[in-house]
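Here is the structure we will look at, set down as structure tokens.
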Amino acid sequence: MTIQDLADEIGVIPKTIERWITQGKVPYRRHQYATAAALHVDVTTLWDDERNLDTATDLTKAEIAAVYPHRHTVPSGLWREIYGRAERRLDVLVYSGLFLSEDPVFHDLVRAKVAAGVQVRILLGDPDCTAVRQRGIDEGHQIMDGKIRNALVLYRPLMRSHPDVGFRLHDSTLYNSIYRADDEMLVNPHVYGFGAYMAPVMHLRRLPGGGLFDTYAHSIDHTWDKARPITEQDVASITGA
């Protein structure tokens, strides 16, 4: 990003940013947080200011809109509401996320979002990978691979009708299932010995200067970059259907 790019992004003149760089001038706090948000870093990475450390911690706390003790206690319509508000991106990072693949309303929502130009990325675990087998063992049922195959079969019509929907398989060890819509997400941590539906869920909303939301967002991007695209033909091979 050039100095001019950053100036345009945060609403200052380029000479102001040059003084931050060449003269060590410390910006107003609102400009510090705007700059950190534009560069996708924590504000304390750019300026060593004790006031920022306290404020960044407060902002991170403020990013937590709600915490639910179990996934099954999340209001049933919240998943649809969050994804319904997506205008730029819609992400799903899971092993199977079977409850979403079984929801016809979610399928209709995805179709509508793709038609509106929203980027949709759905990441499922590779049913043959070690991480998936281990997660099944950790949850105590050893059928995670089967759940993923079921999800793939359910997504198959969507793959056929809307090839613009991004489907990929990953072999990552997931510590959370993440459901993102623009600057809002639900994070479902994985807890040893429990299925995801029994684990807590955090509802996050991104705030400039807060680091919690961006940490999980980067996890989605990193997993996506490492994952492999999957086609409808791959589904037939994996599921035997």
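Given the options D108, D91, D128, D103, name the one that is over 20 Å from V191 (Cα atoms), out of contact with any Ser or Thr (no Cβ under 8 Å at 6 or more places or on another chain) and either surrounded by 20 or more Cβ atoms within 10 Å (Cβ to Cβ) or of a type in the set (S, T, Y) (or both).
D91
Against the conditions (1) within 21 Å of the chain's Cα centre (by Cα); (2) farther than 27 Å from V67 by Cα, where does S177 fall short? Just the number, please.
The failed condition is (2).
Can you find a residue that is assigned to a strand (DSSP E or B) and modelled with pLDDT of 95 or more anywhere in the range 149-159?
no
Starting from the range 72-97, take each residue that is assigned by TED's automatic domain parsing to the domain that holds S177 and more than 21 Å from V153 (Cα to Cα) and list its partners that are modelled with pLDDT of 95 or more and small (G, A, S), counting only C-beta distances under 6 angstrom and pairs at least six apart or across chains.
Note: pairs meeting the criteria are I82/A181; Y83/A181; R85/A181; A86/A181.
Does E232 qualify as being out of contact with any Pro (no Cβ under 7 Å at 6 or more places or on another chain), of a type in the set (D, E, K, R), under 18 Å from V74 (Cβ atoms) and not assigned by TED's automatic domain parsing to the domain that holds V41?
Answer is no for this residue.
Do you know which of the residues in the range 16-30 that are assigned to a helix (DSSP H, G or I) and at pLDDT below 90 is nearest to Q4 (Cα to Cα)?
The residue in question is R30.
Under 9 Å between Cβ atoms, which residue pairs at least 6 apart in sequence (or on different chains) link something in the range 19-37 that is exposed (fewer than 12 other Cβ atoms within 10 Å of the Cβ) with a partner that is part of a helix (DSSP H, G or I) and not small (G, A, S)?
Taking only residues 6 or more apart or on different chains, the pairs are I21/I3; K25/T16; K25/R19.
The values are calculated or read from the model by the stated rules, or taken from the named source; none is laboratory data. If you're wondering where the values come from, they're calculated on a predicted model, not measured in any experiment. Quick reminder, even Gly has a Cβ in these numbers, built from the backbone with ideal geometry, and neighbours come from all protein chains shown.
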